[in-house]
């Protein structure tokens, strides 16, 4: 475990030194927020969706985010083109299946991407992951209402089926790779009071994936760092949403190896 | 009047307990802001515009926002589809005719929606409402420049014609249902220093409409609560726009029944 | 130089008194930010991209911003239509060629606009300007990685070719009109920690162009004012990105003639 924590702290350092470019094809609601999170982590964001340029843009990037939060056919086509190109180049692809389970179009679009593109990490809430794993789920818009029964099994099944890491975020985050699981217990309820913090977590995963080849480590590290910054911001602002939101970027930017080592809360488990 | 104020305080409580989902088809400028306002009020936002999913999404929602701030033909079609479905299901629909009167396309699109969809509440500034009521109006981009002469008559005429509540926001807000009017005098000039605060008011109307069947009460309550939060935020920040903007969400989230009862400023009038 | 500084202070005052409307056809990431910057400067923003209305909207505006940050064919067409109409009416047009050099599509679209529309000011980073001037450039997504060798020559060449002002922003900003150059040394590294601050600088240029006929003066004034506000915000927040971002709008709104005269850092040069 100490080795894992050391590696996370080093990965954060590596992000700041190498400033990887993260290409986002994401939703309108959070574009500004995820760009700012990328910068606060020390990396560089770019948003580009035109069919004319997505392949050329992703070729410059260290990781690709596909987020279906405000999907439509043009944007799904952009995601497929960029995702396939990323696969050709061995560039990690992180999928955020926002609202899978809420409408058939979201569920089908997420599956279409997963079938056409080799994704490195899927990040979703319990209901989105359950939906993609073929289980029943309760979802209200894009918020998971599901109690966590069967949650881990859904994650393991989805991880095995697509051969990728599955990160289920919630009160605790569960990062799953086949039969391995890391539970990340950092974070704060205040994150639920600001829109797009799930999408920001996805961006953090992509940023870490750009510098860390083991996607399980990248995902656990990204969620731990984002969660610790959230804890710090909540402590300074009482979690009031507007102040918390502004301070969250301060705390992400301020995060260092010492803080990570002191505050990280990880548990590792093997076996489904 | 005391009964009305009690009911507004109860509606705010009901929003927080039932967390209604509010489906937004809105403009790019304010998507993040209106999603965060929805959360701060205690409700859940979802943004979805694809023709493939808007009907399924609105079927899960407690209210629908249609906001034409960055309209184009695809989005107007999304609004028509979602609006008609909402009508079938008896779900309240709130229209924000941003910039009606500024261009013919905005005026015609707002009217097209009003003719095809039974809207519960229209929220606009004096110039937008005048335009839709067939009167002359002065508008600069999306800002009303019109002096308020004839404003109430325009509101009454529009309300009667479409059989809906009309909320005209400005220094004082006028909420009109046929021949009844409630004047809401909460608010602060600082709201005019931040983009999208009119759109946020529209979102607040939709959130309250999801829990309150009397749309006049819902509209007055939403504008009073949003206005009080604005006053509180201005008092804490001096109204400087960046600080005010962040603090506004804090104050919306912090608002409770006691504050509403203490600070609300309502006048009720009957007769055109 | 004192005359120039007086004029900049007067232009800021004129913005606040006349509240020009600035029509933006810009990218999804920064729409809210640039609208808020426009308001903080004292002007009025409007965002409109539908082919049905861009010509009518720009006819009401004092300046037009064309920003290709999240371009696609529909939006480029909107820019061409609005830009040509602005030319007919003598309305200044400011172009932000975001990411020119990063993909062929961006480079070609920026050139297509420059060939079809008479632009008043181009604002870009060193790599974007180099690309448009036909020089080699290093760009990572939308960030310039190029060392500044040849930077001024690129700017002069571009300015002469299109007969427009070229503003190259970076550590120092270089505003170029043919053989004249003004160097603006206001600003803070904290601006680089927040997404869209380059796009905000472009918006500031458009706001000043709406009230100042000499585009070289307008560009230098806008960048000086934005830079001074940035310095003030950095001093108050330590430059931590979330707090800095919120405070930046406060400081833009608070800026007055006295502060401008005290803090402005300009050097004027003639000759290529």
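The values are calculated or read from the model by the stated rules, or taken from the named source; none is laboratory data. If you're wondering where the values come from, they're calculated on a predicted model, not measured in any experiment. Quick reminder, even Gly has a Cβ in these numbers, built from the backbone with ideal geometry, and neighbours come from all protein chains shown.
Within region B:64-72, is there a residue that is part of a loop (DSSP other than H, G, I, E, B), touching a helix residue (DSSP H, G or I) at 6+ places or on another chain (Cβ under 6 Å) and at the interface with chain A (Cβ under 9 Å from one of its Cβ atoms)? Let's see the steps before the verdict.
Going through region B:64-72, the residues part of a loop (DSSP other than H, G, I, E, B) turn out to be B:68-72.
Still in the list and also touching a helix residue (DSSP H, G or I) at 6+ places or on another chain (Cβ under 6 Å): B:68, B:71.
Of the ones still in play, those that are also at the interface with chain A (Cβ under 9 Å from one of its Cβ atoms) are none.
No, because not a single residue in region B:64-72 is part of a loop (DSSP other than H, G, I, E, B), touching a helix residue (DSSP H, G or I) at 6+ places or on another chain (Cβ under 6 Å) and at the interface with chain A (Cβ under 9 Å from one of its Cβ atoms).
Tell me the helices (runs of 4 or more DSSP H) entirely within region C:176-272 that contain at least 3 residues that are at pLDDT 95 or above and more than 28 Å from residue C:154 (Cβ to Cβ).
Counting at least 3 such residues, we get C:215-237, C:241-254, C:257-263.
Does residue C:265 qualify as being under 20 Å from the mean Cα position of the chain (by Cα) and over 28 Å from residue C:23 (Cα atoms)?
Yes; evaluated as a whole, the condition is true for this residue.
I need the full set of residues from region C:169-197 which are under 20 Å from residue A:46 (Cα atoms), crowded, with 24+ Cβ neighbours inside 10 Å and touching a strand residue (DSSP E or B) at 6+ places or on another chain (Cβ under 9 Å), in order please.
C:169, C:195
Which residues, counting only those in region A:111-130, are away from every other protein chain (no Cβ under 14 Å) and over 18 Å from the mean Cα position of the chain (by Cα)?
Passing the criteria: A:115, A:116.
Going through region B:204-224 one residue at a time, which ones are closer than 27 Å to residue C:42 by Cα and out of contact with any strand residue (DSSP E or B) (no Cβ under 6 Å at 6 or more places or on another chain)?
Once the filter is applied, which keeps residues that are closer than 27 Å to residue C:42 by Cα and out of contact with any strand residue (DSSP E or B) (no Cβ under 6 Å at 6 or more places or on another chain), region B:204-224 yields only B:204.
Answer yes if at least one residue in region C:154-165 is in contact with a strand residue (DSSP E or B) (Cβ under 8 Å, 6 or more places away or on another chain) and either outside any helix (DSSP H, G or I) or within 14 Å of another protein chain (Cβ to nearest Cβ) (or both), and no otherwise.
Checked region C:154-165: at least one residue is in contact with a strand residue (DSSP E or B) (Cβ under 8 Å, 6 or more places away or on another chain) and either outside any helix (DSSP H, G or I) or within 14 Å of another protein chain (Cβ to nearest Cβ) (or both).
Can you tell me which of (1) in contact with a helix residue (DSSP H, G or I) (Cβ under 9 Å, 6 or more places away or on another chain); (2) away from chain A (no Cβ under 12 Å) is the one residue B:108 doesn't meet?
Residue B:108 satisfies all of (1) in contact with a helix residue (DSSP H, G or I) (Cβ under 9 Å, 6 or more places away or on another chain); (2) away from chain A (no Cβ under 12 Å) except (1).
Condition (residue is within 9 Å of another protein chain (Cβ to nearest Cβ) and over 25 Å from residue C:255 (Cβ atoms)) applied to region C:20-28: is it met by at least one residue?
Within region C:20-28, one or more residues are within 9 Å of another protein chain (Cβ to nearest Cβ) and over 25 Å from residue C:255 (Cβ atoms).
What about residue B:34, is it assigned to a helix (DSSP H, G or I), more than 7 Å from chain A (Cβ to nearest Cβ) and farther than 16 Å from residue B:211 by Cβ?
Yes: the conditions hold for residue B:34.
For region B:94-102, indicate whether the set of residues that are in a strand (DSSP E or B), within 9 Å of another protein chain (Cβ to nearest Cβ), crowded, with 22+ Cβ neighbours inside 10 Å and more than 18 Å from the chain's Cα centre (by Cα) is non-empty. First the steps, then the outcome.
Our first condition is that a residue be in a strand (DSSP E or B); within region B:94-102, this holds for B:94-96, B:100.
When the remaining residues are screened for being within 9 Å of another protein chain (Cβ to nearest Cβ), the result is none.
Within region B:94-102 (the criterion being in a strand (DSSP E or B), within 9 Å of another protein chain (Cβ to nearest Cβ), crowded, with 22+ Cβ neighbours inside 10 Å and more than 18 Å from the chain's Cα centre (by Cα)), the answer is no, since none of the residues qualifies.
Residues checked against (1) crowded, with 24+ Cβ neighbours inside 10 Å; (2) more than 14 Å from chain A (Cβ to nearest Cβ):
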site: B:199; (1), (2): yes, no
site: B:203; (1), (2): yes, no
site: B:206; (1), (2): yes, no
site: B:217; (1), (2): no, yes
site: B:222; (1), (2): yes, yes
site: B:240; (1), (2): no, no
site: B:252; (1), (2): yes, no
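Among the residues of region B:42-63, is there at least one that is under 20 Å from residue B:194 (Cβ atoms), facing another protein chain (nearest Cβ under 9 Å), assigned to a loop (DSSP other than H, G, I, E, B) and under 19 Å from the mean Cα position of the chain (by Cα)?
No - not one qualifying residue is present in region B:42-63.
In region A:57-82, how many are under 21 Å from residue A:124 (Cα atoms) and crowded, with 24+ Cβ neighbours inside 10 Å?
Total satisfying the criteria: 10.
Given the structure, is residue B:141 at negative phi and within 14 Å of chain C (Cβ to nearest Cβ)?
Judged against the criteria, residue B:141 is not a match.
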